[in-house]
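Data first, discussion second: the structure below is written as structure tokens.
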Amino acid sequence: MSQTATAKARLPVDLTDEEIEAFGRDMDAIYYETLESRGERDRLYILRLIRTQRTLAFSGRMLMYASLFLLPAWDHALASWGAMIIVMALGVVMLGVAKILENMEIAHNVLHAQWDWMKDPDIQSNTWEWDNMSPSDRWMHSHNVVHHTWTNVVGKDLDVGYGIMRVTPMQEWHPKYLLQPVWFVLLALLFEEGVALHEQAIVDVVEGRKDRKELKPLLKRIGAKVWGQVRKDYLLWPAVGAVVAMPISLFVDFSPITIFFMIAGGNAVANIIRNLWAFMIIFCGHFPEGVYSFTEEQVDGESRGHWYIRQLLGSANIQGGPLFHVLSGNLSHQIEHHLFPDMCSNRYPEVAPRVRALAARYGLPYNTGSLWRQFGTTWRNNLRLALPGGKLPPAVATA
Amino acid sequence: MIPRDQESTRSGGGWLHWLSTLTDMMAYPLKTSHYVELVNPLWTTHKMQARVEAVWDETSHARTITLRPGANWRGHRPGQHVRIGVAVDGKHYTRTYTVSSAPERGDGCFTITVKAIDGGRLSHYLVRKLKVGDYVPVGLPQGDFYLPDASPTQPLFITAGSGITPAMSMLRSMLAQQRMANSVHIHYAPSPQETIFGQELREIDAAQKHYTLHEIHTAALAADDPARHFSLENLARLCPDWQSRDCYACGPADLLRAVEATWEEAGLAHRLHIERFRADLAEVPDDAVGGRVRFANSDLEVEADSATNLLRVAEDAGLNPPHGCRMGICHTCNTTLKSGCVRDLRTGEVLNEAGAIVQTCVCAAAGDCELDL
Ligand code: FES
């Protein structure tokens, strides 16, 4: 097949056509073997995780309310700013962790159809709505279709730099990129909002390829979701806190309005905790040192084997313990996730050593490192690529 | 749905309704019910579940399971069935079982009686593995196989094996109301020990003068004994006035076919009521050939071979179904199988359970099938 021959020439690997196809078959074998072995223990994993996450979210919010009873104005033995802030902080962190679990290990993976095989009507990719400003189905399109099909293809994958950053020297430099360290920090803080607006259609309008009017229905859908989230975190939970505090304010001198802002602030912090964490993990997936990007010609007419190799070269893992992997939504196994996007995430840790061994057998790199190595080099690249030039990874990828 | 209406009239426009709207907003994008479930799965309103309260072995292969349904349940009519969901090996399955208890039972529970069939994954799980304290998803009672309320019918029950369950529910209900109709019951079972509810039927037979039971134990009869199978002669012998009765029949397909033929020949089809065991699985064709693909929502039917993916088939037929990667990664093309059989081109796995999710870009027809497109 001449088509594969030319495609091979374009991938930065030193493998023959046969080797690439054999690599693809070996990957397929890991994939189907794991799918075959799914069963009760996987179901229990996701059910328990969902229970834990919901309990955590509710307890966190309750703890935030409970902390109001420790305000110094209460004048009882335990009442002090110190105690109040500790309990409030605990509640905020629990809520933040609950949001991290929901967005990353639960929703992200459910929306990848990783749990559709259970046929549980409550855990289906087409009905799950996540605790995030982006509507699930919109996100599924920009993520599952665009990003996972066109991984790291410059000009196709919207996640390459999210349209505002230069993450590979293959993107041409432009003075606007001088500001990218600022965008980097802003995007980290407002990641959720950024994801909600992360749409090809919006980019098209901004760049003048599409008419503003065409955007209306889309913005309406996003708007409705954003409103639901804002209403919950910044209006209702704070308002209920304030209403509860109203009779209290008759006895102790504390304004319900202050209470409203305290709870709203706590929720904002919880959302930001989730934003920062998700940003850090996700940026470590495709932008650390040694990750490859591709051109459209490189992927034209690619075979299954080529596709696997592109996913392997275009992704990076983060090392850590079991709890770290769960909190990162197993995106610390970004390589495995990109090779097998619809395999249930609790299986990534067990296929990772096999994938790594297979990569080694074919002399291919397997990009993994500590969070500090991966995030550190991501930051460094970000600073370096704000200026013209930059270093491409080696022309031939080797282990 | 009826329970929803009932509930909203109960709390109709009142403070409870107002409160639950508010808490739903606070639980967004979930519902309050998702958090209530953490405390007690029976209080949920976003789905209905039942708790297994007791299990009781009827015979060596059949078990009666007592279930306590959650909020929003409505009582059944004797003879109706419910859908029960069970997870086996992590996968969720749904099957229909007839309620075997009478609605007059006062404790808010109902029972189903399940016989483990050979090769029946789900029935095996229900009979052998389900334990007290488990929760299972349940649907509302459905079906029109029940005795009319008003008219004093004289029923003739013809049942076999676990087909006894709807008749049992009817008999128990008539007993509880103390208005046992004049009824004749012909029941086929392998042996007295292997008769589900055997003891109870015999007791009713002894105590109720209006109820006559004829048990036919097939294992004790020679293979060529004409009494083994349903026939007009046997019927006329056991129940001479059969033509003036309303017949309620439930059992395996062979029996029902014979019964149906008899009643039709006598021109009495309108007096015959039949409950079939529902077939949830389509027949898997031996060698995967193509077949007719029906797109239910578009009211379109086309011929397809066994190698062309269904997404292509749909597109060639002029439809524009949702899709993304066309290579099995993104699941944008997922749809449900309404009936029939399709094959996953990657694994060769055959999907033949109605309600299964089909990735149209990597599945082809394996015989006739119907998709929700
Ligand atoms: S179109 Fe992507 S899985 Fe079918």
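The values are calculated or read from the model by the stated rules, or taken from the named source; none is laboratory data. Here the structure is a predicted model, which means the values were calculated and not measured. A quick note on method: Cβ atoms are made from the backbone with ideal geometry, for glycine too, and the neighbour counts reach across all protein chains shown. Areas reflect the complete protein model, heavy atoms only, side chains present, ligands, DNA and RNA absent. Shrake-Rupley method; radii C 1.70, N 1.55, O 1.52, S 1.80 Å.
For the reader, a short list of remarks on this structure follows.
- Cα-based equivalent ellipsoid of the protein assembly as shown: semi-axis lengths in Å, sorted from largest, via gyration tensor: 57, 37, 22
- Neighbours of B:R179 by Cβ distance under 12 Å: Lys/Arg scored +1, Asp/Glu scored -1, total -2.
- Interchain or long-range residues, amide H under 5 Å from B:H92's placed H: A:K119, A:D120
- Cα-projected label distance for B:D144 with B:E104, points at 7 Å along beta-carbon direction, nm: 2.7
- 3J(HN,Hα) from dihedral phi, the range A:124-136, Karplus parametrisation 6.51/-1.76/1.60, rounded to Hz, x for glycine, proline: 10, 4, 8, 10, 6, 10, 9, 7, 7, 6, 7, x, 3
- Inter-chain Cβ neighbour average for residues B:358-368, partner chain, 10 Å: 0
- Percentage relative contact order, the range B:291-371, counting C-alpha pairs under 8 Å, at least six apart: 39
- Amide H contacts for B:Q49 (H built 1.01 Å from N in the peptide plane; partners 5 or more residues away or on another chain; cut-off under 5 Å): B:G70, B:V138.
- Per residue of A:125-132, other chain Cβ atoms within 10 Å of the residue Cβ number 3 on average.
- Sequence-distant residues sharing a close amide H with B:T336 (under 5 Å, placed H): B:V358, B:D372
- Translational diffusion of the range A:340-381, µm² s⁻¹ [Kirkwood Rh, Cα pairs; Stokes-Einstein; 10 °C; 1.306 mPa s]: 131
- 25 Å Cα-Cα reach of B:K129 towards lysines, excluding residues that sit fewer than 8 places from it in its own chain: A:K119, B:K47, B:K91, B:K115
- When you restrict to C-alpha pairs under 8 Å that are six or more residues apart and normalise by the size of chain A, the relative contact order lands at 25 percent.
- In the full protein context, the range B:226-373 carries 48 Å² of accessible surface per residue, based on a 1.4 Å probe and ignoring ligands, DNA and RNA.
- Peptides A:69-76, B:92-99 ranked from most to least packed give B:92-99, A:69-76, packing being the mean of other C-beta atoms within 10 angstrom over each peptide's residues.
- Percent of beta bridges antiparallel (DSSP, the protein assembly as shown, rounded to nearest 5): 60
- For the range B:155-275, the square roots a ≥ b ≥ c of the C-alpha gyration tensor eigenvalues yield an a/c of 1.5 or more together with a/b not exceeding b/c, which makes the shape oblate.
- Report note on the peptides B:124-136, A:254-266: ranked by the mean count of other C-beta atoms within 10 Å, highest first, their order is A:254-266, B:124-136.
- Of the three principal axes defined by the Cα atoms of chain A, the extents in descending order read 83, 53, 40 Å.
- Hydrodynamic radius by Kirkwood, which averages 1/r over all alpha carbon pairs of the range B:291-371, in angstrom: 12.1
- Prolate/oblate/rounded label for the range B:40-137 (Cα gyration tensor, a/c 1.5): oblate
- Its relative contact order, with pairs defined as Cα atoms under 8 Å and 6+ residues apart, puts chain B at 11 percent.
- Protein heavy-atom accessible area occluded, A/B pair - total, 1.4 Å probe, Å²: 3100
- Take each peptide in A:343-350, A:92-99, count the other Cβ atoms within 10 Å of every residue, and average; sorted highest first, the result is A:92-99, A:343-350.
- Chain B shape via C-alpha gyration tensor axes, a/c threshold 1.5: oblate
- Annotation: the antiparallel percentage among DSSP beta bridges lying fully within the range B:291-371 is about 85.
- Across the range A:348-355, computed HN-Hα scalar couplings (Karplus, 6.51 cos²θ - 1.76 cosθ + 1.60, θ = phi - 60°) run 4, x, 7, 8, 4, x, 6, 5 Hz from first to last residue, x flagging Gly and Pro.
- Calculated on alpha-carbon atoms, Rg and Dmax of the range A:68-207 in Å: 20.7, 64
- The range B:247-253 - phi-based ³J(HN,Hα) in whole Hz, Karplus 6.51/-1.76/1.60, Gly and Pro as x: 9, 10, 10, 8, x, x, 4
- Computed FRET value (nearest 0.05) for A:T258 with B:W43, which takes r as the C-beta separation and R₀ as 35 Å: 0.45
- Shielding by partners, peptide B:91-101 (average Cβ within 10 angstrom, other chains): 2
- For chain B, calculated [θ]222 nm from helices alone, where every DSSP H run of n ≥ 4 adds -39500 (n - 2.57): -6500 deg cm²/dmol
- Relative to the Cα centre, the charge distribution of the range A:103-215, modelled as +1 at Lys and Arg Cβ and -1 at Asp and Glu Cβ, gives a dipole magnitude of about 520 debye.
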